[in-house]
């Protein structure tokens, strides 16, 4: 099992957090879940794994916090503040298990969006070599290049439409 991450773009925070308990990949008008432009991933968290791609894209040193995420859901203002409050959370609470939604900074979006197409194969190769991917087999099928292109493309479309990137995640 692992954590699923869906990266998508939205016009604002309100649009990004509509029906937060539902996957972003699957539109469902009957439940009020709009259609999003989505890239579905597994194990590619915004802070560490995607953060390293952003660093390679922007040709800067990686550091934790580079992507500058803001937690939108579950609402931070309702989060437990003590060990007792955490222990009192009911089973199934999104604070314990998700889902969750984070907003990524415009700076991270722009670093991804600004990558020249000619750099994409090199960028995918750099990213594939990070420690977090070391337990995977060789990338003979071109998955990393495809995923890199998808994430860069999503960032470009977000920038073009003056939108930010968001990450929906769950166990």
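Tabulated values for the structure
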| read-out | value |
| --- | --- |
| Residue 62-residue 21 FRET efficiency (beta carbon distance; Förster radius 30 Å; 0.05 resolution) | 0.40 |
| Taking region 4-170 and dividing mean pair separation by its residue count, relative contact order in percent (alpha carbons under 8 Å, at least six apart) | 33 |
| Cβ crowding within 10 Å averaged over residues, with 83-96, 108-121, 152-165 ranked highest first | 152-165, 108-121, 83-96 |
| Whole-angstrom gap from region 2-23 to region 32-50, using each part's C-alpha centre | 8 |
| Cα-projected label distance for residue 96 with residue 40, points at 7 Å along beta-carbon direction, nm | 2.7 |
| Segment residue 157-residue 12, length gained on full extension (0.36 nm per residue, minus Cα span) | 50.8 nm |
| Global form of region 100-171, assessed from the alpha-carbon gyration tensor, a/c cut-off 1.5 | oblate |
| Nearest 10 degrees, 0 to 90: helix 143-160 Cα axis against the chain principal axis | 70 |
| 16 Å reach of a label modelled at residue 150, 7 Å along Cα-to-Cβ, counting backbone N of region 20-38 | 23-27, 36-38 |
| Sites residue 107 and residue 84 - FRET efficiency at Förster radius 30 Å, r taken between beta-carbons, to 0.05 | 0.20 |
| Protection proxy ranking of 34-42, 99-107 - average other beta-carbon atoms within 10 Å, highest first | 99-107, 34-42 |
| Extension reserve of the residue 70-residue 135 stretch, reckoned as 0.36 nm per residue once the Cα distance is removed | 20.5 nm |
| Dmax and Rg, reported as Rg then Dmax, of region 4-170 (C-alpha, Å) | 16.6, 53 |
| Degrees separating the helix 49-58 axis from the principal Cα axis of the chain, which is the longest one | 40 |
| Helical contribution to [θ] at 222 nm, DSSP H n ≥ 4, -39,500 (n - 2.57), averaged over the chain, rounded to 500 | -9000 deg cm²/dmol |
| Whole-angstrom gap from region 55-71 to region 151-171, using each part's C-alpha centre | 15 |
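Every read-out reported here was derived from the displayed coordinates using simple, explicitly stated rules and does not represent laboratory data. If you're wondering where the values come from, they're calculated on a predicted model, not measured in any experiment. Reconstructed Cβ throughout: ideal geometry from the backbone, glycine too, with neighbour counts over all protein chains shown.
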